[in-house]
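Here is the structure we will look at, set down as structure tokens.
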Amino acid sequence: MANGSKQIVDFAKIKATMADPYKHPVQVINGDGKVVDPDTLAKYSDDQLVDFMKKMVWERTLHEQTMNFSRQGRLGFYAPTAGEEASEMGSVTAFKDQDFLLPAYRDLPQMIQHGTTVAKGFLWSKGHVSGNQYENPNMLFPQIIIGAQYAETAGVALGIQKNGDKDRVAFVYTGDGGTSQGDWYEGINFTSAYQAPAVFFVQNNGWAISVPRKKQTAAETLAQKAVAMGVPSVQVDGMDIVAVHEVAKAARDFAVAGNGPVVIETLTYRYGAHSSAGDDPSRYRTDEETKPWFDADPLIRMRKVLTDKGVWSQDQEDKLVDQYKDEFKDAMKEAEAAPAQKVSDFLKWTYNVPTPAVKKQIAEFEAKESK
Amino acid sequence: MAKMTYIKAITSGLDQVLSDDPKTLIFGEDVGKNGGVFRTTVDLQDKFGEDRVFDTPLAESGILGLAIGLSLTGWRPIPEIQFMGFTFEAMDGIVGQLARDHYRFGGQKNFPVTIRTPFGGGTHTAEMHADNLENYFVSTPGLRVVTASNPYDAKGLVISAVESDDPVLFMENLKLYRSMKDEVPDDKYTVPLDSAKVVREGTDITLVAYSAEVNEALTAADALAKDNISAEVIDLRSLSPIDTDTIYASIDKTHKVVVIQEAQRMAGVGAVVASDIAEDKIMSLDAPIGRVAAPDSVYPFAQAENDWIPNSDDIEAKAREIFNY
């Protein structure tokens with residue numbers, strides 16, 4: 001074939017344009033605190049907006065207090081959440097009690113909002129079974145195997161569909177790294193194949209421990225990956241709580257109407273380390289890289305909007321912080337007072353009906369424990 | 001009572017549990033309209049509807065995720081993994097998640113999943129279709145593993161597996177699917193999930209086996225009987241847990257034992273059985289514990305299967321060696 005003749009397919013063009021529908025993340029309040037979508041903002045009462053702010057202050061204070069507790073050696077594995085308040089609080093508040101939450105390990109704040117206590121969150125971190133026993137039964141424990149919760153979401157969503165529950169969805173979280181897992185695709189694809197009701201969140205916080213987002217995939221956005229599974233998706237400014245909430249609500253409405261699942265990529269940032277267990281971000285990123293994200297802070301921009309409206313003050317915020325700190329300190333005391341765990345109980349929970357060998361071991365441990 | 005093949009007995013058991021409990025669901029690759037690549041679920045979709053018996057996309061980890069999520073919403077899932085070699089794709093779902101979830105909740109929630117999967121050599125399949133992979137699963141706390149050596153047990157065990165609130169891996173022997181027929185009641189009955197069975201009584205030596213190797217052991221026992229060696233044959237049926245009581249009672253009678261498996265020697269349900277016997281019954285033994293297993297190579301290329309899989313001759317030779325020790 002002669003050079004310059006028309007090719008049957010233009011892969012270069014396809015590659016250059018495939019992210020086009022995702023060029024403009026949904027935004028209501030921009031990084032400077034300027035309202036860019038006043039119509040959407042107008043749908044929210046001052047009380048609702050103040051409530052959003054309170055929840056973000058709550059989560060930021062929880063983060064700071066847990067970092068203190070970690071330094072004091074009073075927590076186990078804990079994944080810092082600072083920077084992700086808009087993404088986490090904006091999304092979880094769009095769901096109802098009957099919706100089923102499948103969290104990962106950075107999602108304790110959403111779990112506490114959906115139906116467990118701060119004390120139980122701490123117990124989970126410390127390694128105590130009661131941290132996995134929730135007031136709201138519509139929740140799974142934080143997933144450690146990144147991606148597994150996506151596969152399980154397909155089952156929860158299909159179960160909801162088969163039960164005929166019309167006002168119920170599954171909702172699930174992972175991070176940017178999680179989108180590289182096979183289970184991520186399998187979960188979304190199964191849910192799509194059955195057109196079952198689920199909302200899949202990807203909290204793209206830029207980092208999978210030390211590996212930057214761009215090394216996970218050559219795809220320009222993570223949201224566009226959903227197209228391959230026949231699932232609509234969107235990128236949203238994950239530092240803008242109103243935008244996240246609005247998108248999450250629309251996704252829930254879409255899913256409960258029987259249209260199948262939705263994938264939402266929230267563009268957010270992990271201010272701190274991957275976990276409280278020795279990760280040092282200065283090994284893999286610079287202050288220069290992180291500064292724009294700190295400037296785009298979700299609390300700063302919401303604070304500006306609310307202050308302009310005259311419904312928020314620094315004094316009010318300081319009082320809230322003190323109140324939340326006291327609550328978290330009380331929760332830690334409650335967690336520290338939890339009864340010691342028994343190996344005999346672990347054995348009892350391994351099977352519904354203990355096997356003969358396990359029965360023997362239960363008796364052995366009960367004898368030890370009664371001494 | 002009708003004569004039924006091993007595979008028909010399983011189908012009959014599945015039909016029973018689908019009739020008994022409207023929350024049971026069968027799903028997997030090709031299980032719907034096609035009735036499974038071996039026809040184990042044949043006609044079940046027609047009878048119970050696509051809502052209860054349905055195909056999945058082709059992804060084993062997704063199938064396990066589906067099973068766990070369905071359990072969380074009140075269902076009793078019966079997923080099929082088309083061949084046991086494909087369970088590797090679902091390893092996290094089975095071992096990392098399902099087996100641990102009841103424990104993780106501190107006993108608050110049940111995950112009553114029965115994973116059905118065909119395995120076993122001798123039918124000249126493609127690679128990864130015949131391996132005995134039970135060893136990966138029997139060392140998993142929280143998971144029960146059972147397998148039948150005959151049609152009667154196959155039906156009774158699959159019903160018990162589905163009715164159990166624990167997750168159960170139900171291994172179906174490929175070679176036995178159509179090579180074995182037996183009297184199987186049409187009505188419902190169960191076979192307990194954690195009990196071995198003495199399938200032939202004897203007084204001189206105990207042969208412990210499971211699945212297709214039980215039939216090899218019975219053939220060996222016939223041969224040994226010609227020389228007045230009376231072999232007792234035990235079918236483990238449950239690979240996790242192991243019913244040591246039944247084995248020990250037999251050893252107290254025979255004082256000699258051979259433990260048989262189709263899996264490689266290093267992949268050892270037999271090793272677990274032998275170590276239990278060594279720990280608890282060594283004073284009752286008059287000879288070392290004998291073992292018959294496949295060699296420690298990767299599962300053989302199909303043409304050489306019969307040179308590799310332990311057969312009744314191997315069992316007979318080992319039994320004579322231990323008997324004459």
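Numbers for the structure displayed
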| read-out | value |
| --- | --- |
| Rounded to the nearest 10 Å², the accessible area of residue B:168 at probe 1.4 Å | 0 Å² |
| Fraction of accessible area attributable to carbon and sulfur, segment A:17-339 (%, probe 1.4 Å) | 51 percent |
| Highest-MSF residue in chain B out of B:30, B:15, B:51 [GNM, Cα springs under 10 Å] | B:51 |
| Estimated dipole of chain A in Debye, rounded to 20 [Cβ of Lys and Arg +1, of Asp and Glu -1, Cα centre] | 1040 debye |
| Percent breakdown of C-alpha pair distances by 10 Å bin, ordered from the shortest bin, for chain A | 5, 22, 30, 25, 11, 5, 2, 0, 0 |
| Gyration tensor (Cα) of segment B:2-184, equivalent ellipsoid semi-axes in angstrom | 23, 19, 16 |
| Protein-only accessible surface order, largest first, of A:63, B:255 at 1.4 Å | B:255, A:63 |
| Helix axis angle, B:312-323 relative to chain B longest principal axis, alpha carbon, degrees | 50 degrees |
| Compactness relative to 2.2 N^0.38 Å, alpha carbon Rg of segment B:197-323 | 0.98 |
| Debye log10 I(q)/I(0) for segment A:257-371, one point scatterer per Cα, at q = 0.12, 0.20 Å⁻¹ | -0.89, -1.14 |
| Degrees, to the nearest 10: B:6-20 long Cα axis against longest axis of chain B | 40 degrees |
| Solvent-accessible area per residue, Å², over segment A:17-339 with all protein chains present [probe radius 1.4 Å] | 38 Å² |
| Overall dimensions of segment A:1-89 by Cα: Rg and Dmax, Å | 23.1, 72 |
| Summed side-chain charge close to residue B:241 - residues other than residue B:241 whose Cβ falls under 14 Å, Lys, Arg +1, Asp, Glu -1 | -2 |
| Viscosity 1.002 mPa s, temperature 20 °C, Stokes-Einstein D of segment B:73-169 from Kirkwood C-alpha radius, µm²/s | 152 µm²/s |
| Computed over segment A:223-338: relative contact order in percent, which uses C-alpha pairs under 8 Å that are six or more apart | 21 percent |
| Exposure rank, largest accessible area first [A:45, A:282; 1.4 Å] | A:282, A:45 |
| With every protein chain in place, segment B:126-226: carbon and sulfur % of accessible area (1.4 Å) | 47 percent |
| Expected-Rg normalisation [2.2 N^0.38 Å, Cα atoms] applied to chain B | 0.98 |
| Where B:80, A:220 fall by accessible area, highest first, once all protein chains stay in place (1.4 Å) | A:220, B:80 |
| Dipole magnitude of segment B:2-184 about its Cα centre (Cβ charges: Lys, Arg +1; Asp, Glu -1), debye to nearest 20 | 280 debye |
| Chain B: most fluctuating residue of B:198, B:257, B:158 per GNM, C-alpha cutoff 10 Å | B:198 |
| A versus B: buried accessible surface, summed, Å² (probe 1.4 Å, to nearest 100) | 3300 Å² |
| Sparsely packed chymotrypsin sites (Phe, Trp or Tyr not before Pro) within segment B:147-213, loop by DSSP, other Cβ within 10 Å at most 16 | B:189 |
| Simple Cβ-charge dipole of segment B:178-256, Lys/Arg +1 and Asp/Glu -1, about Cα centre, in debye nearest 20 | 120 debye |
| Within a Gaussian network of chain B (alpha carbon springs, distance under 10 Å), most fluctuating of B:191, B:298, B:162 | B:298 |
| Average accessible surface area per residue within segment B:2-184, 1.4 Å rolling probe, Å² | 30 Å² |
| Segment A:284-351: chymotrypsin sites (Phe, Trp or Tyr not before Pro) in DSSP loop, at most 15 other beta carbons within 10 Å | A:284 |
| Mean separation of Cα contacts under 8 Å (6+ apart) over length of chain A, as relative contact order % | 22 percent |
| Cα lying deepest toward the dipole's positive end in segment B:197-323, options B:285, B:240, B:223, charges on Cβ | B:285 |
| Per-selection metrics, the protein assembly as shown (Cα): Rg and Dmax in Å | 29.2, 101 |
| Using alpha-carbon coordinates, inclination of helix B:212-226 to the longest axis of chain B, degrees | 20 degrees |
| Per residue, the convex hull volume that the Cα atoms of segment A:168-240 enclose (Å³) | 96 Å³ |
| Dipole axis of the protein assembly as shown (+1 Lys, Arg; -1 Asp, Glu on Cβ), positive-most option in A:27, B:119, A:363 | A:27 |
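The values are calculated or read from the model by the stated rules, or taken from the named source; none is laboratory data. Computed from a predicted model, the values in this text were never measured in an experiment. Counting neighbours? That spans all protein chains shown, and the Cβs are built from the backbone with ideal geometry, glycine included. Note: areas computed on protein heavy atoms with side chains; ligands, DNA, RNA excluded. Shrake-Rupley method; radii C 1.70, N 1.55, O 1.52, S 1.80 Å.
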